[in-house]
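The values are calculated or read from the model by the stated rules, or taken from the named source; none is laboratory data. It should be emphasised that the depicted structure is a prediction, and the values quoted were computed from it without experimental measurement. Neighbour counts run over all protein chains shown; Cβ positions are idealised from the backbone, glycine included.
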Amino acid sequence: MSNDAAQDYTPGLEYLRELPERARYLGDASKGEAQIVARPDDPGLGGTGILIRDDFHTVVRDAVLYPSGAVKTPMRIIGATSADGPGGVTVLASLDGRIQLRWMFRHATRRWELEAARGRRETGESPEQAARKETEEELGMRATTVERLGGVASETSLLASEVENFWAEVVCDDKGDDPEPGEAMGEIESLTPAELWDRVREGVVRDAHTLTAILHAVARGKLPAP
């Protein structure tokens, strides 16, 4: 079969039609890649195809042929908006030289996490628009300038979606802080760069999106290195 986005759809691979184009790339095991193949008749392998789909994610299990000749059935998670751009954004917001992070109680980790503003990008929305929206929704602040720092694939063994990191200069919004009803939000911490690095060293800031945004900010000269 052609590697051309699985255009021929060998029986067993029809489900690829329902995925974004870049998620349909088959790969080529002869070139050292992990190649998606039709599921072999092996009861020891899990069923393949789309397992779960909701408004935010599609969970897929593929049969994958590795260069060694081994075949396994790993899962991957594809963001619903990944067809036309990054799945989400992370925003390091600076107010008078202080970085604005917020405590969020995250369902997945079942604990409070100190994070930069971040969230999903809607289909048709530019990353810059999403960055401004998340700044307002999660910090109650308005971005006066937004600058892209770089992109990140936060968990390449499972998540197909990418996130873009932004730096934003912000001011307090007249609307004030009005947390989203679908989020469990705590206090905002306004940190000097030195205090931010202390939180990183102490393991208080451990969210991968926030950490990569900090790294990008250092690389772009927005933050001093520790």
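Summary table
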quantity: Residue tally, condition farther than 12 Å from G88 by Cβ and touching a strand residue (DSSP E or B) at 6+ places or on another chain (Cβ under 8 Å), over the range 117-137; calculated: 5
quantity: Residues that are over 14 Å from E113 (Cα atoms) and either in contact with a strand residue (DSSP E or B) (Cβ under 7 Å, 6 or more places away or on another chain) or surrounded by fewer than 16 Cβ atoms within 10 Å (Cβ to Cβ) (or both), drawn from the range 197-213; calculated: D198, R201, T212, A213
quantity: Hits in the range 112-167 (condition: farther than 24 Å from E21 by Cβ and aliphatic (A, V, I, L, M)); calculated: L114, A116, A117, A131, L139, M141, A143, V146, L149
quantity: Residue that is surrounded by the fewest Cβ atoms within 10 Å (Cβ to Cβ) [pool: residues in the range 87-104 that are modelled with pLDDT of 95 or more, of a type outside the set (A, V, I, L, M, F, W, C) and touching a strand residue (DSSP E or B) at 6+ places or on another chain (Cβ under 7 Å)]; calculated: R98
quantity: Qualifying residue in the range 73-86 (condition: assigned to a helix (DSSP H, G or I), surrounded by 17 or more Cβ atoms within 10 Å (Cβ to Cβ), at pLDDT below 95 and touching a helix residue (DSSP H, G or I) at 6+ places or on another chain (Cβ under 9 Å)); calculated: yes
quantity: Residues that are out of contact with any Lys or Arg (no Cβ under 7 Å at 6 or more places or on another chain) and either crowded, with 20+ Cβ neighbours inside 10 Å or among the β-branched types (V, I, T) (or both), drawn from the range 105-116; calculated: T109, A116
quantity: Any chance A143 is of a type in the set (A, V, I, L, M) and either over 16 Å from the mean Cα position of the chain (by Cα) or surrounded by fewer than 23 Cβ atoms within 10 Å (Cβ to Cβ) (or both); calculated: yes
quantity: Given (1) part of a loop (DSSP other than H, G, I, E, B); (2) closer than 15 Å to G97 by Cα, index of the condition E155 fails; calculated: (2)
quantity: Conditions (1) of a type in the set (G, A, S); (2) in the same structural domain as E162 (by TED's automatic domain parsing); (3) surrounded by 14 or more Cβ atoms within 10 Å (Cβ to Cβ); number of the one not met by A63; calculated: (2)
quantity: Subset tally (residues that are within 14 Å of S154 (Cβ to Cβ) and modelled with pLDDT of 95 or more) for the range 119-128; calculated: 0
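Residues are listed down the side, and each one gets a yes or a no for (1) at pLDDT 95 or above; (2) assigned to a strand (DSSP E or B); (3) among the polar types (S, T, N, Q):
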residue	(1), (2), (3)
E137	no, no, no
G150	yes, yes, no
E183	no, no, no
R199	yes, no, no
V204	yes, no, no
